[in-house]
Each structure stands twice: as C-alpha cells, then as structure tokens.
Amino acid sequence: MDRIDDVESFYHVIIWMALRYTAHKLTSRKLTLRLHENFDALYKDPETGEAHIGSARRSNIKSGDLSTETGFANDGIRTVLRRMQVILCQRYIDPEDFFMNDEIFEAKRKAAEDEKAEGLKALEDFNWLPNLLNEVLDDELVDWVTNEARVDHVLKKIPK
C-alpha cells in the first residue's frame with residue numbers, strides 16, 4: 001500500500017463518517033444498504049475461493065453517485081468529497097478503453113486523457129490533499145455549519 005492508496009482510504013473514511021454523522025437525504029434503510037454495499041460487502045471468487053470487496057466502492061469513486069444520491073446538507077463535506085472524488089477517480093478511468101479509439105470521440109478521448117494525467121499528477125503531489133482541505137476550510141462561501149437535519153439513524157443488520 002502506498003501514499004496514494006492511503007489518500008483514497010482517507011476519502012472512504014471521510015465519506016463513511018459523513019454518512020453516519022452528518023445531515024443528508026438517505027433514510028435509515030437506504031443508509032444501511034449503502035454502507036453495506038460500500039464497506040461490508042464481500043464475495044468469494046468462485047475459481048480461487050479468495051475473498052474480495054464488492055464493486056460498489058470502486059463504482060462510486062468512479063462516478064460520484066453515492067455522494068450525489070446522499071445529498072449531504074453540509075456544503076463543506078460535499079465540496080471536499082466532490083473535489084477528492086474527481087481526482088481519485090482518475091486512477092480507475094481508462095479513456096482509451098472507454099472511447100474505444102472511435103474517431104468521432106477523438107477530442108473527448110484526448111480531453112479525458114489530459115484530465116487523467118492532471119489527476120494522477122495531483123495525487124503524486126504530497127501537498128495536494130492538505131492544500132485541498134485548506135482551500136475549502138478557508139473559503140468563506142463554503143457553509144461548514146449546516147447540520148440541522150441530522151438524524152440518528154438506526155442501522156439494521158443485513159442478512160447474509
């Protein structure tokens with residue numbers, strides 16, 4: 001595991017904490033399901049018998065769907081998670097594979113390759129995450145206070 005894996009792990013810790021302890025749109029039932037899908041789900045490889053984490057965590061870091069669906073009330077949390085996700089997702093995006101070298105999408109493929117290169121370069125910078133956090137914390141337009149709609153969710157055990 002390297003530093004960039006640690007940065008991604010930090011993202012997952014932040015989103016887990018935000019899901020559990022800040023105001024958002026998810027019901028307790030939906031929250032239980034999303035937490036299970038992203039942090040608890042395991043499956044066994046039928047060929048090797050090895051245990052692997054489910055695919056929801058990677059899908060959500062690629063798409064940002066979990067944060068979007070959650071609708072965090074706190075602008076600071078939303079901003080940090082969005083900015084981290086936009087950069088971290090570049091680890092998993094392959095523009096050439098996605099656009100399949102189709103000539104019609106050449107400009108979009110090139111833009112996606114440039115975005116990937118910028119994202120990976122940012123991740124190599126030891127100051128990227130501290131700078132991101134400082135920028136958001138120092139931004140007077142970012143609301144860090146809103147959390148009035150916070151609910152103490154009751155999580156039910158997911159049957160295996």
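The values are calculated or read from the model by the stated rules, or taken from the named source; none is laboratory data. Since this is a predicted model, take the numbers as computed values, not measurements. Positions of Cβ are generated from backbone atoms using ideal geometry, with glycine treated the same way; all protein chains shown enter the neighbour counts. Accessible surface areas use protein heavy atoms only, side chains included; no ligands, DNA or RNA. Shrake-Rupley method; radii C 1.70, N 1.55, O 1.52, S 1.80 Å.
Looking at Phe72, is it among the hydrophobic types (A, V, I, L, M, F, W, C) and within 22 Å of Asp139 (Cα to Cα)?
Details: among the hydrophobic types (A, V, I, L, M, F, W, C): yes; within 22 Å of Asp139 (Cα to Cα): yes.
Yes; evaluated as a whole, the condition is true for this residue.
Only one residue in Ile77, Ile87, Ile93 is on the phi < 0 side of the Ramachandran plot, within 11 Å of the chain's Cα centre (by Cα) and in contact (Cβ under 8 Å) with a residue 24 or more places away in the chain. Which one? Walk me through how you get there before you give the answer.
Values: Ile77 fails: within 11 Å of the chain's Cα centre (by Cα); Ile93 fails: within 11 Å of the chain's Cα centre (by Cα).
After ruling out the rest, the residue left standing is Ile87.
Pull up segment 47-59, narrow it to residues that are exposed (fewer than 14 other Cβ atoms within 10 Å of the Cβ) and among the hydrophobic types (A, V, I, L, M, F, W, C), then point me to the one that is farthest from His12 (Cα to Cα).
Residues of segment 47-59 exposed (fewer than 14 other Cβ atoms within 10 Å of the Cβ): 47-53, 55.
Now drop any that are not among the hydrophobic types (A, V, I, L, M, F, W, C), which leaves 51, 53.
Values: Ala51: 20, Ile53: 13 Å.
Residue satisfying both the conditions and the ranking: Ala51.
Filter segment 68-95 down to the residues that are at pLDDT below 90, in a helix (DSSP H, G or I) and open to solvent by 20 Å² or more (accessible area, probe 1.4 Å) and list them by number.
none
Listed here are the residues, each with its yes/no results for (1) touching a helix residue (DSSP H, G or I) at 6+ places or on another chain (Cβ under 9 Å); (2) of a type in the set (Gly, Ala, Ser).
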position: His24; (1), (2): yes, no
position: Gly49; (1), (2): no, yes
position: Arg57; (1), (2): yes, no
position: Asn60; (1), (2): yes, no
position: Glu69; (1), (2): yes, no
position: Ile77; (1), (2): yes, no
position: Arg82; (1), (2): yes, no
position: Gly119; (1), (2): yes, yes
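Being more than 24 Å from Asp152 (Cα to Cα) and not in a strand (DSSP E or B) is the filter; apply it to segment 31-55 and report the residue that is modelled with the lowest pLDDT.
Narrowing segment 31-55 to residues more than 24 Å from Asp152 (Cα to Cα): 42-55.
When the remaining residues are screened for being not in a strand (DSSP E or B), the result is 45-50, 54-55.
Details: Asp45: 81, Pro46: 85, Glu47: 88, Thr48: 88, Gly49: 85, Glu50: 85, Gly54: 75, Ser55: 81.
Of everything passing the filter in segment 31-55, Gly54 is modelled with the lowest pLDDT.
Is there a residue in segment 17-30 that is out of contact with any Asp or Glu (no Cβ under 6 Å at 6 or more places or on another chain), in a helix (DSSP H, G or I), free of Cβ contacts under 8 Å to residues at least 40 places away in the same chain and under 22 Å from Leu133 (Cβ atoms)?
At the first step, the residues of segment 17-30 found to be out of contact with any Asp or Glu (no Cβ under 6 Å at 6 or more places or on another chain) are 17-30.
The next check asks that each one be in a helix (DSSP H, G or I); those that pass are 17-21, 28-30.
Now restrict to residues that are free of Cβ contacts under 8 Å to residues at least 40 places away in the same chain: 17, 30.
Right, trim to under 22 Å from Leu133 (Cβ atoms) and you get 17.
Checking segment 17-30: at least one residue is out of contact with any Asp or Glu (no Cβ under 6 Å at 6 or more places or on another chain), in a helix (DSSP H, G or I), free of Cβ contacts under 8 Å to residues at least 40 places away in the same chain and under 22 Å from Leu133 (Cβ atoms).
Could you list, ordered by first residue, the pairs with Cβ atoms under 8 Å in which the first is in segment 118-134 and surrounded by 13 or more Cβ atoms within 10 Å (Cβ to Cβ) and the second is among the basic types (Lys, Arg), at least 6 apart or interchain?
Gly119/Arg91; Leu120/Arg91; Leu123/Arg91; Leu132/Arg83
Confirm whether Lys62 is free of Cβ contacts under 8 Å to residues at least 60 places away in the same chain, open to solvent by 80 Å² or more (accessible area, probe 1.4 Å), in a helix (DSSP H, G or I) and under 30 Å from Leu141 (Cα atoms). It would help to see each step written out before you state the result.
Details: free of Cβ contacts under 8 Å to residues at least 60 places away in the same chain: yes; open to solvent by 80 Å² or more (accessible area, probe 1.4 Å): yes; in a helix (DSSP H, G or I): yes; under 30 Å from Leu141 (Cα atoms): yes.
Against the criterion (free of Cβ contacts under 8 Å to residues at least 60 places away in the same chain, open to solvent by 80 Å² or more (accessible area, probe 1.4 Å), in a helix (DSSP H, G or I) and under 30 Å from Leu141 (Cα atoms)), Lys62 qualifies.
Within the set of pairs 6+ apart or on separate chains, which have a first residue in segment 140-158 that is more than 25 Å from Thr32 (Cα to Cα), a second that is surrounded by 13 or more Cβ atoms within 10 Å (Cβ to Cβ) and charged (D, E, K, R), and C-beta atoms under 7 Å apart?
Val142/Asp75; Asp143/Asp75
Working only within segment 96-107, note down all residues that are farther than 19 Å from Asp65 by Cα, open to solvent by 50 Å² or more (accessible area, probe 1.4 Å) and in contact (Cβ under 8 Å) with a residue 12 or more places away in the chain. Can you show your working first?
First, pick out the residues of segment 96-107 that are farther than 19 Å from Asp65 by Cα: 96-97, 99-107.
With the extra rule that they be open to solvent by 50 Å² or more (accessible area, probe 1.4 Å), the set shrinks to 96-97, 100-107.
Result: Glu96, single match.
Residue under question is Lys116, and the condition is that it be over 15 Å from the mean Cα position of the chain (by Cα), modelled with pLDDT under 90 and at negative phi; does it hold?
On the way: over 15 Å from the mean Cα position of the chain (by Cα): yes; modelled with pLDDT under 90: no; at negative phi: yes.
It is false that Lys116 is over 15 Å from the mean Cα position of the chain (by Cα), modelled with pLDDT under 90 and at negative phi.
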